[in-house]
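Have a look at the structure below, then the notes.
The values are calculated or read from the model by the stated rules, or taken from the named source; none is laboratory data. From a predicted model like this one, the values you see are computed outputs, not experimental measurements. Glycine gets a Cβ as well: all are built from the backbone with ideal geometry, and neighbour counts include every protein chain shown. To get the accessible areas, we keep the full protein, side chains included, count just its heavy atoms, and leave off ligands, DNA and RNA. Shrake-Rupley method; radii C 1.70, N 1.55, O 1.52, S 1.80 Å.
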Amino acid sequence: MIGRLNHVAIAVPDLQAAAAQYADVLGARVGAPQDEPEHGVTVVFIELPNTKIELLYPLGENSPIRGFLDRNPSGGIHHICYEVDDINAARDRLGAQGARVLGDGEPRIGAHGKPVLFLHPKDFNGTLIELEQV
Ligand SMILES: CC[C@H](C(=O)O)C(=O)SCCNC(=O)CCNC(=O)[C@H](O)C(C)(C)COP(=O)(O)OP(=O)(O)OC[C@H]1O[C@@H](n2cnc3c(N)ncnc32)[C@H](O)[C@@H]1OP(=O)(O)O
Ligand SMILES: [Co+2]
């Protein structure tokens, strides 16, 4: 069911500084910040040869990553995103196996314009998983 690793997301306390570090210190190709108000974050994507890094910064009062940054003030790996062919079939299969799909269970359009869902970290070894239909 899960396919390629689409991205690894890192929540950061300073988006501009983190983007500059990837560009200047790590020599990576860094995109421009993009606000995602539906998801309560501003994201910066870093293109790697085999996947992407997604830098995350809270946007708005109810950002879902605010608690994570409060617990991890220096930032940290927030989630990993796997690609799936059919996100509704994936959701139904996971639900049938007892995995908790976050939110109302309906896919939402993510930063790449594709449907995404999130699975509860407590069900997957303390790792927040995002699924993206590609
Ligand atoms: C623009 C879209 C973009 C894209 O790629 O397209 C994105 O990726 S958007 C990314 C931001 N959106 C989300 O993360 C949505 C899903 N996340 C959530 O709904 C929350 O973050 C949630 C429910 C995972 C955690 O909420 P909260 O931080 O308020 O903490 P809780 O007290 O509810 O947490 C319960 C339990 O889980 C642990 N936890 C929380 N976040 C993570 C994490 N990222 N990785 C691992 N574990 C996490 C938390 O510590 C609690 O553990 P406990 O032992 O019970 O204290
Ligand atoms: Co993501």
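DSSP loop (so not H, G, I, E, B), at most 14 other Cβ within 10 Å: list which GluC sites (Glu not before Pro) in the stretch 46-134 pass both filters. Kindly include the intermediate steps, with their values, before the conclusion.
Working: sites: Glu47, Glu54, Glu61, Glu83, Glu130, Glu132; in loops: Glu61.
Answer by residue number: Glu61.
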When the Karplus curve 6.51 cos²θ - 1.76 cosθ + 1.60 is applied with θ = phi - 60°, which whole-Hz ³J(HN,Hα) does each residue of the stretch 103-108 get, with x for Gly and Pro? x, 8, x, 8, x, 10
How large is Rg/Rh for the stretch 38-108, to two decimals, with Cα atoms and a Kirkwood Rh? 1.00
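As a test of the definition: which semi-axes, in Å, follow for the stretch 5-133 when you take the square root of five times each eigenvalue of its alpha carbon gyration tensor? Largest first, please. Show your work: numbers first, answer last.
Values: eigenvalues 125, 53, 35 Å².
In descending order, the three semi-axes are 25, 16, 13 Å.
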Along the Cα-to-C-beta direction of Met1, a point sits 7 Å from the Cα; which residues of the stretch 109-134 have their amide N less than 14 Å from that point? 117-120, 123-124, 129-133
Output row, site Thr51, 7 Å Cα→C-beta label point, backbone N cut-off 17 Å, window the stretch 115-134, residues 117-119, 121, 124-134
Could you work out the relative contact order of the chain, using alpha carbon pairs under 8 angstrom and six or more residues apart, expressed as a whole percent? 25 percent
Could you give the accessible area per residue of the chain, probe 1.4 Å, as a whole number in Å²? 56 Å²
How far apart, in nanometres, would the label points at Ala32 and Asp123 be if each is projected 7 angstrom from Cα along the Cα-to-Cβ direction? 3.8 nm
